[in-house]
Amino acid sequence: MKYLLLMYGDESVWEEGTPEEQQAWLAAHDRFDAAVRQRARMLGGEALAGSATSTMLAPQDGGGRREVTEGPFAETVEQLGGYYVVEAADLDLMIELCHELPDYYRLEIRPIVEFDPEGP
């Protein structure tokens with residue numbers, strides 16, 4: 001099963017972290033990566049730029065155009081900071097692997113729906 005792992009956190013935690021803390025957090029990502037490569041399959045992942053750099057496109061009155069606004073969808077302290085795509089045997093393994101990641105993240109695991117290219 002393929003899973004999308006979304007990582008949410010307070011952006012100020014990273015920005016205000018000491019170099020030693022930041023290095024420890026990066027090392028935790030390295031441990032996660034190594035654990036996934038040993039027990040599952042890493043399909044991708046990236047850190048995201050800060051939420052202040054995001055652009056939202058919201059539907060308008062059905063005219064096919066979208067309203068463009070700057071900034072994140074939700075104005076909350078916790079913002080989406082990165083993601084991984086992992087193929088793992090099951091959700092239990094995904095949860096176990098996630099324990100390697102820094103504990104300041106709130107993690108969301110979502111199964112990826114795969115569609116048949118030939119149609120339903």
_Tell me yes or no: at least one residue of the stretch 56-70 is charged (D, E, K, R), outside any loop (DSSP other than H, G, I, E, B), in contact (Cβ under 8 Å) with a residue 24 or more places away in the chain and surrounded by 11 or more Cβ atoms within 10 Å (Cβ to Cβ)._
no
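Out of everything in the stretch 37-52 that is in a helix (DSSP H, G or I) and touching a residue at least 40 places away in the same chain (Cβ under 8 Å), what residue ends up being surrounded by the fewest Cβ atoms within 10 Å (Cβ to Cβ)?
Of all residues in the stretch 37-52, those in a helix (DSSP H, G or I) come to 37-39, 51-52.
Adding the requirement that they be touching a residue at least 40 places away in the same chain (Cβ under 8 Å) leaves 39, 51.
Numbers: R39: 13, S51: 17.
Here the answer is R39.
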*So is A47 over 17 Å from the mean Cα position of the chain (by Cα) and among the hydrophobic types (A, V, I, L, M, F, W, C) or not?*
no
*If we keep just the residues of the stretch 97-120 that are free of Cβ contacts under 8 Å to residues at least 40 places away in the same chain and at negative phi, which is surrounded by the most Cβ atoms within 10 Å (Cβ to Cβ)?*
H99
_Take the residues in the stretch 1-36 that are within 21 Å of I109 (Cβ to Cβ), among the acidic types (D, E) and at pLDDT 95 or above; name whichever of them is surrounded by the most Cβ atoms within 10 Å (Cβ to Cβ)._
D33
*asked:* Let me spell it out: the conditions are (1) basic (K, R); (2) modelled with pLDDT under 95; (3) under 15 Å from the mean Cα position of the chain (by Cα), and R65 meets all of them except one. Which number is the exception?
replied: (3)
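In the stretch 1-36, how many are among the hydrophobic types (A, V, I, L, M, F, W, C) and assigned to a strand (DSSP E or B)?
So the first thing to find is which residues in the stretch 1-36 are among the hydrophobic types (A, V, I, L, M, F, W, C), and the list is 1, 4-7, 13-14, 24-28, 32, 34-36.
If we keep only those that are assigned to a strand (DSSP E or B) as well, we get 4-7.
Looking only at that region, the number is 4.
Quick one: which residue in I95, I109 is in contact with a helix residue (DSSP H, G or I) (Cβ under 7 Å, 6 or more places away or on another chain), at pLDDT 95 or above and β-branched (V, I, T)? Please lay out each step first, then the result.
On the way: I95 fails: in contact with a helix residue (DSSP H, G or I) (Cβ under 7 Å, 6 or more places away or on another chain).
That would be I109, the only listed residue that is in contact with a helix residue (DSSP H, G or I) (Cβ under 7 Å, 6 or more places away or on another chain), at pLDDT 95 or above and β-branched (V, I, T).
The values are calculated or read from the model by the stated rules, or taken from the named source; none is laboratory data. Since this is a predicted model, take the numbers as computed values, not measurements. No Cβ is skipped: glycine too gets one built from the backbone with ideal geometry, and neighbour counts run over all protein chains shown.
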